[in-house]
Amino acid sequence: QVQLVESGGGLVQAGGSLRVSCAASGRTFSSYTMYWFRQAPGKEREFVASINWSGGGTSYRWSVKGRFTISRDNAKNMVSLQMNSLRTEDTAVYYCAAAQNYGGTSQDAMCCWGKGTLVTVSS
């Protein structure tokens, strides 16, 4: 398994940009599909984006398509989420997660989770 640590959260105004990153430990990082989930106050955690092992396949929830971009660097064991045109409804704790041999978006399939990083978008 991999250990995941998020960074880069913070406060940003609506319309602004922020980049959150996730550092992974372990020599098999490149074998994992990597994910970002988020949980807004009072709401359930939801899928945001995923990227396959090579970086050649990505998936996004409909509400962030065209605004968020997920990327990974297997040489550095890093996955990032670039968030542009942020909205107040993007305010949430953002979690990095990993799964092997899985191409869906179910949280139940994740083997590993980070502790999350808070992103707050002000109006």
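Of note:
- Solvent-accessible heavy-atom area per residue, rounded to whole Å², over the chain at 1.4 Å: 51
- Take every Cα pair under 8 Å whose residues are at least 6 apart in sequence, average their separation, divide by the length of the chain, and the relative contact order is 36 percent.
- Estimated distance in nm for a label pair at residue 69 and residue 115, the labels positioned 7 Å out from Cα along Cα-to-Cβ: 3.1
- Paramagnetic label zone (point 7 Å from Cα along Cα-to-C-beta, residue 28; backbone N under 18 Å) in region 81-101: 97-101
- Of the solvent-accessible surface of region 23-123, computed with a 1.4 Å probe and all protein chains present, 47% belongs to carbon and sulfur.
- Selected from 101, 52, 74 as most flexible by GNM, with the chain as the system and alpha-carbon contacts under 10 Å: 101
The values are calculated or read from the model by the stated rules, or taken from the named source; none is laboratory data. Please read all numbers here as calculations on a predicted model, not as lab measurements. Please note: Cβ atoms are built from the backbone with ideal geometry, for glycine as well, and neighbour counts cover all protein chains shown. These area figures cover heavy atoms from the full protein model, side chains too; ligands, DNA and RNA do not enter into them. Shrake-Rupley method; radii C 1.70, N 1.55, O 1.52, S 1.80 Å.
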